[in-house]
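Here's the structure, in structure tokens; my notes come after.
The values are calculated or read from the model by the stated rules, or taken from the named source; none is laboratory data. Owing to the predicted nature of the structure, the values given are computational and were not obtained by experimental measurement. Quick reminder, even Gly has a Cβ in these numbers, built from the backbone with ideal geometry, and neighbours come from all protein chains shown. SASA here: full protein model, heavy atoms, side chains in, ligands and nucleic acids out. Shrake-Rupley method; radii C 1.70, N 1.55, O 1.52, S 1.80 Å.
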Amino acid sequence: MFQKITLLALIITFVSCQKKESVEKDKIKVADWLIGNWENTSPDGVLTENWQKLNDSTFSASSYFIKGKDTLHFESIILAQLGETLTYKATVKGQNDDKPVSFPSTSETDQKLVFENPKHDYPQKIMYTKGANNTMTAEISGKLNGKLTTERFIMTKK
């Protein structure tokens, strides 16, 4: 009898773990449309984000802004699914001692991803919205020097 109960407990544990893993892997799938190379060209320069899938629960990206031959901004991004939480971690060269800043998701759909960290200096909110014709809008917002600020970049998939 004890052996049957032990075997049943092991089976339940195994099945529970399997289900949790598939939930974890399924949640990040709403962000699959990010994968690829995105670009925004303006008179100020060229903003590029290159997204790739590292594994079933993690994407990575590099984002850089170039004006002429100068790289004015560079950041590394990790989008990871851990348990039930999708988290955007940005590491900006020369900021925060080059350590990542985490922005947990507050909303995920097939069309829009929203990440927020109200304790961060700026931005406090990062949003990606899927558009038509291989476009997306990347938006950062929050209080900057006490003033509500929003920066929007319409990017095209290359």
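Per the conditions (1) open to solvent by less than 80 Å² (accessible area, probe 1.4 Å); (2) at pLDDT below 95; (3) more than 19 Å from Arg152 (Cβ to Cβ), the sole criterion not satisfied by Leu8 is (1).
Scan the range 45-55 for residues that are open to solvent by less than 80 Å² (accessible area, probe 1.4 Å) and either acidic (Asp, Glu) or out of contact with any Ser or Thr (no Cβ under 6 Å at 6 or more places or on another chain) (or both) and jot them down.
First, the residues of the range 45-55 that are open to solvent by less than 80 Å² (accessible area, probe 1.4 Å): 45-51, 55.
If the condition is that a residue be open to solvent by less than 80 Å² (accessible area, probe 1.4 Å) and either acidic (Asp, Glu) or out of contact with any Ser or Thr (no Cβ under 6 Å at 6 or more places or on another chain) (or both), then Gly45, Val46, Leu47, Thr48, Glu49, Trp51, Asn55 are the ones that fit.
Could you please find all residues in the range 31-44 being under 21 Å from Val92 (Cβ atoms) and out of contact with any Ser or Thr (no Cβ under 6 Å at 6 or more places or on another chain)? Residues satisfying the conditions are Ala31, Leu34, Asn37, Trp38, Asn40, Ser42, Asp44.
Quick check, is Leu148 open to solvent by 60 Å² or more (accessible area, probe 1.4 Å), hydrophobic (A, V, I, L, M, F, W, C), without any contact (Cβ under 8 Å) to a residue 40 or more places away in the chain and over 23 Å from Glu39 (Cα atoms)? When the stated conditions are applied, Leu148 passes them. Per this entry, Phe153 is not counted among residues that are of a type outside the set (Val, Ile, Thr), open to solvent by less than 50 Å² (accessible area, probe 1.4 Å) and at pLDDT 95 or above.
Take the conditions over 22 Å from Asp26 (Cβ atoms), without any contact (Cβ under 8 Å) to a residue 60 or more places away in the chain, open to solvent by less than 40 Å² (accessible area, probe 1.4 Å) and among the aromatic types (Phe, Trp, Tyr) and apply them to Tyr88. Does it pass? Steps first, answer last, please.
On the way: over 22 Å from Asp26 (Cβ atoms): no; without any contact (Cβ under 8 Å) to a residue 60 or more places away in the chain: yes; open to solvent by less than 40 Å² (accessible area, probe 1.4 Å): yes; among the aromatic types (Phe, Trp, Tyr): yes.
So Tyr88 fails the test.
The criterion of at least 1 residues that are within 17 Å of the chain's Cα centre (by Cα) and aliphatic (A, V, I, L, M) is met, among strands (runs of 3 or more DSSP E) falling completely within the range 33-149, by 45-55, 58-67, 70-82, 85-92, 101-108, 112-116, 125-130, 135-144. Residues of the range 23-44 that are buried (at least 17 other Cβ atoms within 10 Å of the Cβ) and under 21 Å from Arg152 (Cα atoms): Ala31, Leu34, Trp38, Asn40.
From the list Gly45, Gly83, pick out the single residue that is at pLDDT 95 or above and at positive phi. Talk me through it step by step, then tell me what you get.
Details: Gly83 fails: at pLDDT 95 or above.
Within the list Gly45, Gly83, the selection yields Gly45.
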